[in-house]
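Encoded as structure tokens, the structure appears first; notes follow it.
The values are calculated or read from the model by the stated rules, or taken from the named source; none is laboratory data. Treat the numbers as computed from the prediction; the structure is a model and nothing was measured. As a convention, Cβ positions derive from the backbone with ideal geometry for all residues, glycine included, and neighbour counts pool all protein chains shown.
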Amino acid sequence: MPAFALIVHGYSEDSLGAYARFPDALAEAVPDVQRIVLAAFNSLDDGVTIDDLAIAFEKRMSALENSKPWNTADAVFICHSTGALVARRWLLNRLGSGLPIPSHLITMAGAWHGSSLAQIGRTPLNYAKQYLSQHHTVGARVLQDLDYGSDFLLRLNKEWLSKRYGDGAGASADAQMAGLFQFTMGGDSLGNDNSVRLLWQSSERGSDNTVRLSGANCNYTYLIADAGTGKMSALPSAPQPHLIIPGYSHYGPDTGILAANVPTGDASAPAPPVAAIKEALAVHDEASYSAIIDAWSSRNALWIGSHQDDANATIVFNVRDSGGASIGDCYIGILDAHEPGLNVQLPTSNQDALVKALLAVTPSLQEQQPIHNNVELGSYSFYVNVPQFNSINVHLVTVEAQNDGSTVTYGPLNYTVDHATVEHLVFPNQFTYVDLVLPRNADESFALYGTSPIDPAAIWPPFSKLGRIS
């Protein structure tokens, strides 16, 4: 059991009151923890990024490690919401430095993969709200990092898997990272504040009003699509402990996963989130870690069995060209590959089959999908209901893009995901990242000619055929 604890709050907090009675509840339930330290960071400055916060975090941690009593290697970091991203970025930054990392990482409704609220947080409406709250800024760069498919989230989540499990291409896992006991949990309630139901971003099925269950989950898939073979391969991963905690929302004094935890006077019967933390802190070796993975998975399976409409997953497509540039004008279609007569190579000759194949998947798509990241223009995300989505045995993902000019074109990509031979594209309450590279075809931008005959009056485009060698 770790002897020390550091608690990290989330986005937009400006007071230690954000922790409410949670530190007291933790101390009561886990008396073996000798010292609890509370983090405080300013996420509302428009110029600060999560990378900045992680760097500043390191300086404060260095000072803490010189104080007594404190031992990072014997500590648990407990993070809420955006605090999970700050702590994870800090942890990855530490690898290879010879400095210790915590033994346990626990995130409560952690925004592992972002939030649907990130885009509206940068709107004039939120600026006005923050102004009335005496904050003149909204933390625009932090919100940009929190948007689905942001450059920050793509880098962080790809690096996290690579450091924890190796990259599948020869690079091995980092020894410190491989030994980390990580745990995630998230609530399934919108809470009792009816105002969250005014916006679809804060009232999605399968969310806690701010973060989707899939977005709070440390289990996720990162796929790399091969344009040459039309196949997708996944970065290495393994099951990790994640727990759905019914009845808890992202925030709120009565249902908030952090604020609703109060001391009960009975250390053996804490509130469910603290009880889950107590279980996690009892993990001390691979056997106990495997046991909690199995136990929490079984509890989640029971929840999914009675919450089919909330068992949703998020797919983020990150589309770039072969030069590495994001593609912002892109069509991504997810179809039923078994639709009779379907041929995506000849879309004009089988329109009826194409429409039917698209409509077969449409019922599984949640409202307002897809979401296009308005900064990382090559990122497109879909939120799908898993039971409905996986009722189709073979999916076809087709991608087409337009270029600003007429000379350079992109070849269309088509990927078949057959559930009989490969894993599903999505899993309940999990994220799937798909890196796609569209080849650029610039053949018509260049030509070679002999010196005779030539037509000096001909201008391009198009290139004259007279005297053309290639």
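Give the residues of region 284-329 that are farther than 30 Å from S103 by Cα, touching a helix residue (DSSP H, G or I) at 6+ places or on another chain (Cβ under 7 Å) and of a type outside the set (A, V, I, L, M, F, W, C), sorted by residue number. Those that are farther than 30 Å from S103 by Cα, touching a helix residue (DSSP H, G or I) at 6+ places or on another chain (Cβ under 7 Å) and of a type outside the set (A, V, I, L, M, F, W, C): Q308, N312, N318.
Against the test of being closer than 30 Å to I78 by Cβ, under 28 Å from the mean Cα position of the chain (by Cα), free of Cβ contacts under 8 Å to residues at least 12 places away in the same chain and exposed (fewer than 13 other Cβ atoms within 10 Å of the Cβ), the options S306, S290 yield a single qualifying residue, S306. Residue count for region 8-63 satisfying the condition of being under 27 Å from the mean Cα position of the chain (by Cα), among the aliphatic types (A, V, I, L, M) and not in a helix (DSSP H, G or I): 6. Filtered by the rule that a residue be more than 13 Å from the chain's Cα centre (by Cα) and not β-branched (V, I, T), region 200-222 gives W200, Q201, S202, S203, E204, R205, G206, S207, D208, N209.
Examine region 14-25 for a residue that is at positive phi and buried (at least 16 other Cβ atoms within 10 Å of the Cβ), and state whether such a residue exists.
Yes: one or more hits.
For region 341-367, a tally of residues being at pLDDT 90 or above and either part of a loop (DSSP other than H, G, I, E, B) or within 17 Å of D435 (Cα to Cα) (or both) returns 1.
When we screen S214, S207, S189, S202 for residues that are surrounded by 17 or more Cβ atoms within 10 Å (Cβ to Cβ), small (G, A, S) and in contact with a helix residue (DSSP H, G or I) (Cβ under 7 Å, 6 or more places away or on another chain), the only hit is S202. Residues considered: Q176, Q144, Q240. Of these, the only one that is in contact with a strand residue (DSSP E or B) (Cβ under 9 Å, 6 or more places away or on another chain) and surrounded by fewer than 24 Cβ atoms within 10 Å (Cβ to Cβ) is Q240. Of all residues assigned to region 166-180, at least one qualifies as being at pLDDT 90 or above, part of a loop (DSSP other than H, G, I, E, B) and within 21 Å of T82 (Cα to Cα). β-branched (V, I, T), in contact (Cβ under 8 Å) with a residue 60 or more places away in the chain and touching a Phe, Trp or Tyr at 6+ places or on another chain (Cβ under 8 Å) - does that describe any residue in region 361-378? Yes; the residues of region 361-378 include at least one that is β-branched (V, I, T), in contact (Cβ under 8 Å) with a residue 60 or more places away in the chain and touching a Phe, Trp or Tyr at 6+ places or on another chain (Cβ under 8 Å).
Residue-by-condition table, conditions (1) at pLDDT below 95; (2) surrounded by fewer than 19 Cβ atoms within 10 Å (Cβ to Cβ); (3) outside the structural domain of L281 (by TED's automatic domain parsing):
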position: R88; (1), (2), (3): no, no, no
position: S103; (1), (2), (3): no, no, no
position: S115; (1), (2), (3): no, no, no
position: Q119; (1), (2), (3): yes, no, no
position: L125; (1), (2), (3): yes, yes, no
position: A128; (1), (2), (3): yes, yes, no
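Look at P246 and say whether it is under 19 Å from S81 (Cα atoms) and surrounded by fewer than 20 Cβ atoms within 10 Å (Cβ to Cβ). So P246 passes the test. Do we have any residue at all in region 222-230 that's in contact with a Phe, Trp or Tyr (Cβ under 7 Å, 6 or more places away or on another chain), closer than 25 Å to Q369 by Cβ and surrounded by fewer than 18 Cβ atoms within 10 Å (Cβ to Cβ)? Yes, region 222-230 contains at least one residue that is in contact with a Phe, Trp or Tyr (Cβ under 7 Å, 6 or more places away or on another chain), closer than 25 Å to Q369 by Cβ and surrounded by fewer than 18 Cβ atoms within 10 Å (Cβ to Cβ).
Residues in region 437-460 that are in a strand (DSSP E or B), out of contact with any Asp or Glu (no Cβ under 9 Å at 6 or more places or on another chain) and either at pLDDT below 90 or exposed (fewer than 13 other Cβ atoms within 10 Å of the Cβ) (or both): N441 only. For region 273-283, does any single residue satisfy the condition of being under 24 Å from the mean Cα position of the chain (by Cα) and part of a loop (DSSP other than H, G, I, E, B)? Looking for residues that are under 24 Å from the mean Cα position of the chain (by Cα) and part of a loop (DSSP other than H, G, I, E, B), one finds none in region 273-283, hence no.
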